[in-house]
Every structure is written in C-alpha cells, then in structure tokens.
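In what follows, a structure is listed as structure tokens, so that the remarks can point back to it.
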Amino acid sequence: MTDLAHSTSDTAERGRLRWWKEVAFGVAVYAIYSAVRNQFGSAGGDPRPAFEHAGWIIDLERDLQLYLEARVQRWYLDLPGHGLIRVWNVYYGTAHFVVTFVALVWLFRRDPERYPLWRNTLAFTTCLAVIGFAAYSLMPPRLLDNPGEFGACQIYNAQAAAAAPDDALEAPGCDRFGYVDTVARYGGWISFGNEGMKELSNQYAAMPSMHIGWSTWSALVLVPLLRRRWAKILAVAYPVITLVCIVITGNHYWIDGLGGLLVLGAGYLVARSVTRDTTASGPIRVAGGDSANA
C-alpha cells in the first residue's frame, strides 16, 4: 500500500513537472550566473585587489597552520609522469558540469518529490556564489607566479623594483610562491588565460569554490538514488576527489572549498524556505529519506 501511494505521488508530481520548463529554468540560471560572474574580478583589469585577497587567505591558512597547497602540488607533480596531471586538468574542466547535469536529470526522472527542493538548492547556491565572486575577487594559486596580465608576478616584481631601485635591472623572477599553472605547462581541457578565451571567464572567481559546492550537491542528490554500496561510496568520495583536484591543479585554496560548502548550506536553507510541499499526502522527502516541511 505504501509503495502504491508513493508511486501515485511520484506520478502526480511528475505530471506537474515539465522537462522543457526545467531546461529553460536551468539555462536561465546558468546564463545569469555566467554573465554576472564575469562582470567582476579580472574584468576590472586590476589584479591587485585579487592578489591582496590571496595574501589574506594565505596568512589565514598559515595562522591555522594549514597552508599546504604549494607543498601538496610540488609533491604531486614530482610523482612519475607528473602524476598524470593532465587527466586532473581535464577532470577539473569537465566533471563538475557533467556530473551535476547527470545528477539533476536523474533526480528529475527517478525522484520527482525531492526534485524541486534540490533543484532550488542548486539554483540558490549558484546565485549566492555570484555575491562571493563580486565581493571578494581572489587570485587562485596558479596565478600567483604567473607573469601574464592576470598574474601576480608583475605586481610583486614592481613592488621589489620600487623598494630597491638600484637592483631594478636584475630580474627577480616569478617563483615567489612556488605554484605551477598546470594547464599552461602540461595541457588539459582549456586554458582561460589564452587569447580569445580569457574574456569568457572571471579569472578571480575562486571564492567560493563551486567545484566543491556542486560536487557536494551532486553527492547529496545521488546517494539516495543509488542502490549499490560501491556506487554510494563513490558518490560520497566525489567531493573529496574534487578537493584533491582543485588543490593539485592550483585552481583553489582549500579554504575556497569551505566557502563552497557554506554557500551550499545557505542555498539549501533558502530553498527549504521557498519550496512548497510537492506531495498531496506529506512533506518533501530530503536526502537520507527523512521528511521535512519545506
């Protein structure tokens, strides 16, 4: 009887959902996210605020005795074959889109009761992230030793030259922090620092990390849908694997990942407050099989 009621509820909810409306909604949210995200940070043309914020993040991590990104990246790149870092670069550029999309579609098809809450959570999380990008431009580790227009090398070399003008003719180099831009050096999916591509992405949209926000969202969505234990374990491990990826590729500080989790939590709370009960017989079922009023 319970299974019949649940099936009837799913059918009723699926009848209220229209795939074309969901596609239009998703495209609209992502278009707004991308457009607004790319109006800030590197679009302003001045890398100094993002560099200063990076210094604050590094100082905070040092105060916590958890500044480890440079050491971890150097250790990893010293592995045989540079640890197949190009695979991680491709993963960084593709997985968060692909897995999030698959999780959203699967949820839509398999569990329409949970779908509105978690769709709204994803939407609000993504939109809230834009506030972070606008308020706190942050130069990622991969750009700290980069001599290009978006990198920090030009800034600290100019500062060194101003402090010691007699030594200005001696090039101080671009290795103060010890980071490698792994895509530029080893290749990968795409480098947004290249001509023709750099204007398409805010180079300083690092805080919060949506790679962590979206991967954790995907895990929360997928675990209740999966039946096999190994698949559930893989889904739970996905955000952890993503954290490893963003650090060894030099795209984020670990604390950006914490920012992504905080934004996800805020997005979930907002979504719960605005998402209506989607069943005729009871409240929305959230991840883990519990019930909660939305």
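List of remarks:
- As a rough footprinting exposure proxy, the listed residues PHE97, PHE133 were ranked by other beta carbons within 10 Å of their own, and the order from fewest upward is PHE97, PHE133.
- When each of the peptides 233-246, 98-111 is scored by the mean number of other C-beta atoms lying within 10 Å of its residues, the order from highest to lowest reads 233-246, 98-111.
- Net charge of Cβ neighbours under 13 Å - reference GLY257; Lys, Arg +1; Asp, Glu -1: -3
- Residues LEU66, LEU128, LEU222 arranged by fewest to most Cβ contacts within 10 Å: LEU66, LEU128, LEU222
Each value in this text was obtained by applying a stated rule to the coordinates, not by laboratory testing. Just so we're clear, the structure is a prediction, and the values are computed from it rather than from any experiment. Please note: Cβ atoms are built from the backbone with ideal geometry, for glycine as well, and neighbour counts cover all protein chains shown.
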